[in-house]
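Structure first, then comments.
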């Protein structure tokens, strides 16, 4: 049977260097990374620089759809333009 090893003495080990302190994380600016990834997967390039084409499908009450359609006809634009304007008003440019 082998003899048990004696514990190491701390006196023979070199002094342990202190680890560099980590600076606090910098706040991220702009759009969060998951949102950018989602648009990268779902969005398609637009003819307008800096824009993307994002196709969405909406399940709306008939009354709301008719009001959107009436507004689009009055303003001489399509429903997509009305929805884009509403989103811009709500969420900003």
**Message:** Testing residue 31 on (1) closer than 19 Å to residue 87 by Cα; (2) under 33 Å from the mean Cα position of the chain (by Cα); (3) modelled with pLDDT of 80 or more, one condition comes back false. Which one is that?
**Reply:** (3)
**Item:** Total residues in the range 45-88, condition in a helix (DSSP H, G or I) and within 20 Å of residue 35 (Cβ to Cβ)
**Value:** 5
**Residues located in the range 71-93, provided they are exposed (fewer than 11 other Cβ atoms within 10 Å of the Cβ) and at pLDDT below 95** = 87, 88, 89, 90, 91, 92, 93
**Asked** Which condition breaks for residue 40 when tested against (1) assigned to a helix (DSSP H, G or I); (2) over 28 Å from the mean Cα position of the chain (by Cα); (3) loosely packed, with under 10 Cβ neighbours inside 10 Å?
**Response** (2)
**Request:** Starting from the range 38-53, keep only residues that are within 14 Å of residue 80 (Cβ to Cβ), then list their pairs with residues that are in a loop (DSSP other than H, G, I, E, B) whose Cβ atoms are within a distance under 7 Å, requiring at least 6 positions of separation or different chains.
**Result:** 52/43; 52/46; 53/43; 53/46
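The values are calculated or read from the model by the stated rules, or taken from the named source; none is laboratory data. Keep in mind the model is a prediction, meaning the values are calculated, not measured. Reconstructed Cβ throughout: ideal geometry from the backbone, glycine too, with neighbour counts over all protein chains shown.
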